[in-house]
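J.: Below you'll find the structure I mean.
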Amino acid sequence: MGSGGQMKVASMHYLVVLALVVVGVDQVVGTKCKDDSGFQGVEGDCNAFVHCSHGVPHTQHCPVGLVFSTSFLTCVPEYTEYDDCHKIEYLSQEEIVKQCQDEKRVIPHPDCNMFYNCSLNGARIGRFFRPYEDECLYPQLFSIEHEKCMDFSAVECKVRQEKKSGCKLFYVHF
């Protein structure tokens, strides 16, 4: 075999190794296409999703602060009602109104920096907020125990989402 034949064999080995590495990466992550094309979530990783193109899986990640929603098939803000990965229990609008009518002053929100303020009388604060929804000014967090916004160092969020940066807050205060 001449040097041209050896080059072809070496190139073929390189392509086989490259193909195994690419397939191996997708298999390690556990990604397989359910459909020939489209988007799907990755089990156990809220930030990752798979874009299937002609049956070939391509694992991708949402930008920081976003997670993949299997309902909307796109990246959505983390720990919002659109986030179907973290399974956070949001109160329905009817439940919030009922609790506010039952003489509650404030109701904890799944986001530690937010709360439902019944004294707002159902008014919206900005276009991103639902009725009664209000937020603490950064770096304060809402204390369930004291029913008010307090310095972050004095508040335990436990299972509620705590925004670590002021850049992740809405800031619609006037």
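Each value in this text was obtained by applying a stated rule to the coordinates, not by laboratory testing. These numbers were taken from a predicted model, which means no experiment stands behind them. We place every Cβ from the backbone using ideal geometry, glycine too, and count neighbours over all the protein chains shown.
J.: Counting other C-beta atoms within 10 Å, which of Val50, Val97 has the fewest, and how do the rest follow?
T.: Exposure proxy ranking, most exposed first: Val97, Val50.
J.: Which of the chymotrypsin sites (Phe, Trp or Tyr not before Pro) across region 33-79 are loop residues per DSSP, with 14 or fewer other Cβ within 10 Å?
T.: Qualifying residues, ordered by number: Phe72.
J.: Then there is this: Length gain on complete extension for the stretch His86 to Lys98, per 0.36 nm per residue less the alpha carbon to alpha carbon distance?
T.: 1.8 nm
J.: If you don't mind, there's one more thing I want to ask. Where in region 79-122 are there trypsin sites (Lys or Arg not before Pro) that are in a DSSP coil and have at most 14 other Cβ atoms within 10 angstrom of their Cβ?
T.: Counting only loop positions with at most 14 other Cβ atoms within 10 Å, the trypsin sites (Lys or Arg not before Pro) in region 79-122 are Lys87, Lys104, Arg105.
J.: Going by how many other Cβ atoms sit within 10 Å of their own, how do Asp111, Asp83, Asp102 line up, fewest first?
T.: Fewest-to-most ranking of Asp111, Asp83, Asp102: Asp102, Asp83, Asp111.
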